[in-house]
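In what follows, a single structure is set out as structure tokens and then discussed.
The values are calculated or read from the model by the stated rules, or taken from the named source; none is laboratory data. Keep in mind that what you see is a predicted model, and the values were worked out from it rather than measured. Ideal geometry is used to build each Cβ from the backbone, glycine not excepted, and the neighbour counts take in all protein chains shown.
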Amino acid sequence: MKKFIFMVAFATGSLLIASTATAKEEMLIVTGDNESKWMKADGGTWLGADKTWYKLNTKDATLWMSKDGKEWMSATNGMWQDKEGKWLKIDMKVLKWSADGGKTWVEVPDWKWEAPDGTWYKFDKDWTVWSMKGKM
């Protein structure tokens, strides 16, 4: 009889431990602690097509570009390309993009775009550039 009670107690305890471990594993998956977070973009810059870096002068809304991140020149057309090849520009204080080579322009949803290297960027209402590595 003692063996029977011991076996029942042992089996119940084992099941309880196993179910607690499973619940903890599920909680770890659900919590998403490894999710990427938005951070201010380093130097206020973002990557465009052809490994060209861009930054925005928020005082006069001019766009600057650089191949090395050190020497900057005015981006005369004021545009850059995202990962999908869409052209982006700031027009009348609104971020817009064109999927047809600049014939038509629409506002970019949530002012977010993905760079060719997979980094996501966005502007906030003050034109601060934010970045996030990984999937949205």
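Only one of the numbered conditions (1) modelled with pLDDT of 90 or more; (2) over 17 Å from the mean Cα position of the chain (by Cα); (3) not in a loop (DSSP other than H, G, I, E, B) is violated by Leu28, and that is (1). Taking region 60-95 as the range and being over 17 Å from Leu47 (Cα atoms) and charged (D, E, K, R) as the test, the residues that pass are Asp60, Asp91, Lys93.
Of these, Lys67, Lys55, Lys83, Lys103, which one is within 20 Å of Lys125 (Cβ to Cβ) and of a type outside the set (Gly, Ala, Ser)?
Matching residue, one of Lys67, Lys55, Lys83, Lys103: Lys55.
Listed here are the residues, each with its yes/no results for (1) at pLDDT 95 or above; (2) not aliphatic (A, V, I, L, M).
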site: Lys40; (1), (2): yes, yes
site: Thr45; (1), (2): yes, yes
site: Thr52; (1), (2): yes, yes
site: Trp64; (1), (2): yes, yes
site: Lys67; (1), (2): yes, yes
site: Lys70; (1), (2): no, yes
site: Met73; (1), (2): yes, no
